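Structure first, commentary second.
The values are calculated or read from the model by the stated rules, or taken from the named source; none is laboratory data. Everything numeric in this text was worked out from a predicted model, so none of it was measured. Here the Cβ is made from the backbone with ideal geometry for all residues, glycine too, and neighbour counts use every protein chain on show. Please note that ligands, DNA and RNA were not included when accessible areas were found on the heavy atoms of the full protein model with its side chains. Shrake-Rupley method; radii C 1.70, N 1.55, O 1.52, S 1.80 Å.
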Amino acid sequence: MYRYATRVARPILRNVAARSYATDATPAAGKLLLNFALPHESILKNVEATQVNLSSTEGDMGILADHVPTVAQLKPGVIEIFSSSDKPRKVFASGGFAIINPDSTLNINAVEAFPVEDIDFDAARRAADDATRRTTSAPTEQERLAAKIELEVYEAILATASK
Amino acid sequence: MLAVRSLPRVASAATGQPAISFGVQTRNMATLKEISVRLKSVSNIAKITKSMKMIASTKVTKAQRVMETARVYGNSATALYQHTGTSTNEESGKPLVVVVSSDRGLCGGIHSSLSKTTRKYLSAHPEAALAILGQKAKAQLQRDSRQQIVVTFDSVAKNLPTWTEAALIADEILKTGIEFETANIIYNKFKSVIAFDTVIVPVHSYKALLESPKLSAYEVEDPVLKNYEEFTLANTVFWGIAEGNASEMAAKRTAMENATKNAGEMIQKLTLTYNRSRQATITNELIDIITGAMAV
């Protein structure tokens, strides 16, 4: 499902990139420089990538070099990083911001992120059940909302497992 | 010479007792008992400052590690400002000042440097609102800027700074409902283990961001920008806490090292005086005995 969305998104986004290339007088960097930081860890710093796929609040995006500058808020979901030298990396991020700058640098600031292969899906399933229960049984409105957000994250984790 | 002059002052500050003059040539020499009591208390202080220095040294390395990653995070979070050329619009709204200090003292001029920078900023912007992290800056600033303080936080970063804590603080600041054009985070930037710089880092409101000259190049929706403002506030507060914590620990280490050194010098001086006066007493007693014996 997610794969399909990005596959559809890719050619479209490539067009967008090409268009911005023509209208914007930015110097062609030709490559995408990626900074991926967490508050307590910097995962990637000035790493060259060929493509980065991520899911934002406005939909899934595939980012190539010379992408149109964008400020995007991340949804809980997988960030896929493709580079020519390394094998593709898949990292699950809970939320944050991705900013694509005119000089083809992509800054991803997430609150928490883990490699997909490190995730224990059984634990996620249990936590999701617990969160589901709390969305209705929690005493205050605020706690119910917090449980809903939690559930959203767990569901996104489980969605990555089913692929 | 310099050390001798500074010794009594340090002693009275450290023990709270009136300084005893222990110049070698003085006639009214302190009694042996007084000197030995003094010697004991100074060596106890030396022990305490030495262990405090040890604790601070281990904390410096930890705090520095947290600070390095926080700096990468903060820089990448605020890179947008440079790209869009966002600047502060001085007239349009009142600024918010967030002072990042802590609760602990005994760390040199860390906190007073923050208060000094804040006072300077406040004198230029008398309408600014104040949010203060940590008791030290609060105690120093509430004397003359009590009306401007909107919210204060105690016991910030008791252990290592965490993003969650910073996010909660940012949330509380936003909950007070102050409208600000720019939030200026004032904190001590860690330069090296012996130096820090007090800096002011702005967090622009989304309104200021919308007005920035080069934002039109970006594809962005309004609610995302509002969220970005809140996220950046939390990030920058976290960055400030992390840098401040590292500078504080480094300064504490230096301060405690100096205190230990001073106490050591003092112990040396006191031991010398103690031995001299002990000998003088013995000589005096001997003279008494001999003159007594000769008189018989």
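Computed values, structure above
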{"quantity": "Loop-located GluC sites (Glu not before Pro) in the stretch B:193-283, at most 14 other Cβ atoms within 10 Å (DSSP)", "calculated": "B:E221"}
{"quantity": "10 Å Cβ neighbours from other chains, averaged over peptide A:71-77", "calculated": "4"}
{"quantity": "Size of electric dipole in the stretch A:119-161: Cβ of Lys, Arg +1 and of Asp, Glu -1, about Cα centre, debye, nearest 20", "calculated": "120"}
{"quantity": "Shielding by other protein chains, A:100-110, mean Cβ within 10 Å", "calculated": "4"}
{"quantity": "Tilt relative to chain B, helix B:2-15 - C-alpha long axis, 0 to 90 degrees, to 10", "calculated": "80"}
{"quantity": "Whole-angstrom gap from the stretch B:156-177 to the stretch B:246-296, using each part's C-alpha centre", "calculated": "50"}
{"quantity": "Isotropically averaged projected area of the stretch B:234-273, using the convex hull of Cα atoms (one quarter of hull area), nm²", "calculated": "2.4"}
{"quantity": "Heavy atoms of B:V150: accessible area, 1.4 Å probe, square angstrom to 10", "calculated": "60"}
{"quantity": "Hydrodynamic radius by Kirkwood, which averages 1/r over all alpha carbon pairs of the stretch A:27-163, in angstrom", "calculated": "15.9"}
{"quantity": "Fraction of alpha-carbon pairs over 12 Å apart in the stretch A:31-83 - percent", "calculated": "67"}
{"quantity": "Three principal axis lengths of the stretch B:198-269 [C-alpha, angstrom, descending]", "calculated": "71, 19, 15"}
{"quantity": "log10 of Debye I(q)/I(0), alpha-carbon scatterers only, for chain B at 0.11, 0.13 Å⁻¹", "calculated": "-0.74, -0.91"}
{"quantity": "Furthest towards positive pole of dipole, A:I43, B:Q64, B:T182, structure part the protein assembly as shown, Cβ charges", "calculated": "B:Q64"}
{"quantity": "Net lengthening on full extension, B:S192/B:T164 (0.36 nm per residue, minus Cα-Cα)", "calculated": "7.4 nm"}
{"quantity": "Accessible-area value, A:R134, 1.4 Å probe, nucleic acids and ligands omitted, Å²", "calculated": "70"}
{"quantity": "Sequence of B:H111, A:H40 from largest to smallest accessible area, 1.4 Å probe", "calculated": "A:H40, B:H111"}
{"quantity": "Alpha carbon convex hull of the stretch A:119-161, volume per residue in cubic angstrom", "calculated": "49"}
{"quantity": "Computed log₁₀ I(q)/I(0) - Debye formula, equal Cα scatterers, no solvent, the stretch B:64-211, q 0.11, 0.17 Å⁻¹", "calculated": "-0.42, -1.07"}
{"quantity": "Pairwise centroid distance, computed over Cα atoms, of the stretch A:106-156 with the stretch B:93-118, Å", "calculated": "37"}
{"quantity": "Label point 7 Å beyond Cα of A:S85 along Cβ direction - residues of the stretch A:36-78 with amide nitrogen under 14 Å", "calculated": "A:44-50"}
{"quantity": "Rounded tilt (10° steps) of B:163-175 against the dominant C-alpha axis of chain B", "calculated": "60"}
{"quantity": "Volume of the Cα convex hull of the protein assembly as shown, divided per residue and given in Å³", "calculated": "220"}
{"quantity": "Within the stretch B:128-217, trypsin sites (Lys or Arg not before Pro) in DSSP loop having at most 11 other beta-carbon neighbours inside 10 Å", "calculated": "B:R143, B:K158"}
{"quantity": "Value of relative contact order over chain B, rounded to a whole percent, pairs C-alpha under 8 Å and six or more apart", "calculated": "29"}
{"quantity": "C-alpha long axis of helix B:222-295 to longest principal axis of chain B, angle in °", "calculated": "0"}
{"quantity": "Gyration tensor (Cα) of the stretch B:143-187, equivalent ellipsoid semi-axes in angstrom", "calculated": "20, 15, 10"}
{"quantity": "Accessible area expressed per residue, the protein assembly as shown, with surrounding protein chains retained (probe 1.4 Å, Å²)", "calculated": "52"}
{"quantity": "Cα gyration tensor shape of the stretch B:90-151, rounded if a/c is under 1.5, else prolate or oblate by comparing a/b with b/c", "calculated": "prolate"}
